[in-house]
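*Asks:* What follows is a single structure, and I will ask about it in a moment.
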Amino acid sequence: MVCNTLPAPHLDARPCGARRISMLTDQALFDACGVRVAFTGRAGGVSEGVFASLNLGAHVQDNLDHVMENRARVMEALGAPDTPVIVPNQVHGTTIVDINSASAAQLVAAQQRAQAGADTLAVSVPGVAALLCFADCTPVIIVSPTGRFVVAHAGWRGVAGNIAVLSAQRLAQADGACCPDQVRANLGGYNVYIGPHIHACHFEVGQDVADTFRSQFGASCIEGQRHVSMLDALRTSLVAAGVDAARICDAGICTQCNSQAYYSYRASGGTCGRHGAVAFRKA
């Protein structure tokens, strides 16, 4: 499904599926172009202890059977229980893995590339879901009117490396843009969704990191001396690249302030589960 213009982005908390698992999603986007975007929280799963309960991260020493059950619950709640899900090994870099085919062999190859280390999945075909995991870092989903989308993991290193802009530009190239002006024009029509992440109120960094962000994104992304706003840095870089500021939708949720509802690495002292950012286009 392709639409000429995407509806203005908006995120609502909705109870999804028979288990009524609460997720942030944009129903108008799904109705317009068939792309489902969702940001999960902690509730609705089977994980226990510090991982309770909807942990989607397989790398945090949780029971792997619990993790797989939680992932299955998310996809079932989103109405896509049989949709294959690609999950990368996130390495705080800027590597993008393209998914251009839904064939079984190509999906195996894409999963292998993702497991080798990637922080963005760029999906050009229906019937394939991208899932990335978070606990304070910033989830970014960017959607094109063509139905193509990217899901990116933006820690501070990724933000400094312009992971969101690179991901948006990869999306434009997949849409057929072949010169910088066309890429920039395409970006103006994309919706950007920024999920729950640690806000500047709690994200204090070293002076070198603060200086990097101040130099690269301007003083507006620094609060006080060393508190960084990932949202302001992302918004600054995306708008400079051509994204319409009105098409950047922030969930408005700080994970450390809301650590009962979302996983927070800092709030937990370093041991916790991971919530997710997931997207797919209906087949």
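Any read-out appearing in this document is the output of simple, stated calculations on the displayed coordinates, not a laboratory observation. Just so we're clear, the structure is a prediction, and the values are computed from it rather than from any experiment. Cβ atoms come from the backbone with ideal geometry, glycine included; neighbour counts cover every protein chain shown.
*Asks:* So what is the relative contact order for segment 41-89, in percent, with contacts set as C-alpha pairs under 8 Å and at least six apart?
*Replies:* So the answer I get is 26 percent.
*Asks:* Hey, fewest Cβ within 10 Å first, where do 113, 19, 71 land in order?
*Replies:* The most exposed by this proxy come first: 19, 113, 71.
*Asks:* Which GluC sites (Glu not before Pro) from segment 21-77 combine a DSSP loop assignment with at most 16 other Cβ atoms within 10 Å?
*Replies:* 48
*Asks:* How do 5, 212, 40 rank when sorted from fewest to most other Cβ atoms within 10 Å of their own Cβ?
*Replies:* 5, 212, 40
*Asks:* Something else about it: For residue 63 and residue 208 in the same chain, what is the full-extension length gain: residue separation times 0.36 nm, less their Cα-Cα distance, in nm?
*Replies:* Gain on extension, residue 63 to residue 208, equals 48.5 nm.
*Asks:* May I ask you to sort 98, 62, 181 by Cβ crowding, counting other Cβ atoms within 10 Å and putting the fewest first?
*Replies:* Listed from fewest to most nearby Cβ atoms, that is 181, 98, 62.
*Asks:* What is the Cα radius of gyration of segment 14-281 over 2.2 N^0.38 Å, N being its residue count?
*Replies:* It is 0.95.
*Asks:* So for segment 14-281: antiparallel DSSP bridges make up what percent, rounded to the nearest 5?
*Replies:* 75
*Asks:* Further question on the same structure: Based on Cβ point charges of +1 for Lys and Arg and -1 for Asp and Glu, what charge dipole magnitude is obtained for segment 14-281 about its Cα centre, in debye rounded to the nearest 20?
*Replies:* The dipole magnitude comes to about 220 debye.
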